[in-house]
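Chemist: My questions will all concern the structure given below.
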Amino acid sequence: MGAFVRWIQKTMMSKKARCPKEEYWIELVRLMLDGQTTDEENAYVLKHVDGCYRCYDNFDLEKAIREALKNKLINIKVSDAFIAEINRKAKA
Amino acid sequence: MGKSKVGYNDIEKNDIFDNEFMTHIDALYNFAYKLTHNEDEAKDLLQDTCMKAFRFINSFERGTNAKAWLFRILKNSFINDYRKKSKNPGMVDYQEVETYYSSDGGEIETQSTPDLRSETVKGMLGDEITNALNSMAVDFRTVIILCDLEGFKYDEMSKILDIPIGTVRSRLHRARNILKEKLAAYAASMGYK
Ligand SMILES: [Zn+2]
């Protein structure tokens, strides 16, 4: 299982190829990416994902969205002046 | 919030504030800004949070998760003080959100998730991701921010939001579906393939 099988699936099957338990696997993939699953559960999820075109796509998408959120949003730094003001007011 | 036996002395209070709290100031500000969408409100919210943190510093137990403790104060301040004042129609009550979705069996967002390719997301600009996130109801936005941006675990989010872990899990799942839909709709409107 792996890249070759997915290539076959990709070539032979329509883009719309569905997984009968797609929602179930999406939720498990999310729990895994959120670090809420055990190694054993991860292996169970990855085994399915690796052999299912649809779920592999979803897995890829979930990772891409997380990376975009983490890396593409602007993070503002609080100015030193404002930090000083906060310090003064909080400790007053 | 644990400790209530002994209070900290002034040196200890300053030390905790400077070294355990202020290291999270940028994360707190960015959380406040993403909740309010307004620079002045975010600054007020941050200031309130820090003032409360110092005032109630005795209820913080040293060595425990300061970041989660502070985020909880900020989120409570937001709900109690800012959300009431705000006229933003995108803001919905937590309870409402839960009732709304559970009464429909959560079908709304699972029915027809539009196709969205990971390559499309990888090609999106920061502004496009920001717009999608900002257009979500604040309750859903919050769980995404806490989990994906700040890296809190479900048990920490449960404490910050005062909801059971099961609710964290289901709300996050719904939030991710909604975000995916928003991104897909945005991609379609921009003609991305
Ligand atoms: Zn599948």
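Chemist: So how do B:55-65, A:38-48 stack up, highest first, on mean other-Cβ count within 10 Å? Kindly include the intermediate steps, with their values, before the conclusion.
Modeler: On the way: B:55-65: 14.3, A:38-48: 12.5.
Averaged packing, sorted descending, gives the order B:55-65, A:38-48.
Chemist: Can you compute the charge dipole magnitude of region B:1-63 about its Cα centre, using +1 on each Lys and Arg Cβ and -1 on each Asp and Glu Cβ, nothing else charged? Give it in debye, rounded to the nearest 20. Don't jump to the answer; show the numbers that get you there.
Modeler: Details: 8 positive and 12 negative charges, 72 e Å.
So the dipole magnitude of region B:1-63 works out to roughly 340 debye.
Chemist: Straight-line reach from residue B:153: which aspartates and glutamates fall under 18 Å, measuring Cα to Cα and dropping same-chain residues less than 8 apart?
Modeler: Excluding near neighbours in sequence, the set is A:27, A:34, A:39, A:41, A:62, A:67, B:139, B:162.
Chemist: Additional query: Using a 1.4 angstrom probe and counting only protein chains, how large is the accessible area of residue A:55 in Å², to 10?
Modeler: Here the accessible area works out near 0 Å².
Chemist: Filter A:70/B:52; B:13/B:67; A:63/B:182 down to the pairs with a C-alpha to C-alpha distance above 25 Å, please.
Modeler: Values: A:70/B:52 29 Å; B:13/B:67 16 Å; A:63/B:182 17 Å.
Those over the limit are A:70/B:52.
Chemist: Can I ask one more? Between region B:1-79 and region B:147-193, what's the alpha-carbon centroid distance in Å?
Modeler: Rounded to whole Å, the Cα centres lie 24 Å apart.
The values are calculated or read from the model by the stated rules, or taken from the named source; none is laboratory data. These figures come from a predicted structure and were not determined experimentally. Cβ atoms come from the backbone with ideal geometry, glycine included; neighbour counts cover every protein chain shown. When the accessible area is computed, the model is the full protein with side chains, heavy atoms only, and any ligands, DNA or RNA have been set aside. Shrake-Rupley method; radii C 1.70, N 1.55, O 1.52, S 1.80 Å.
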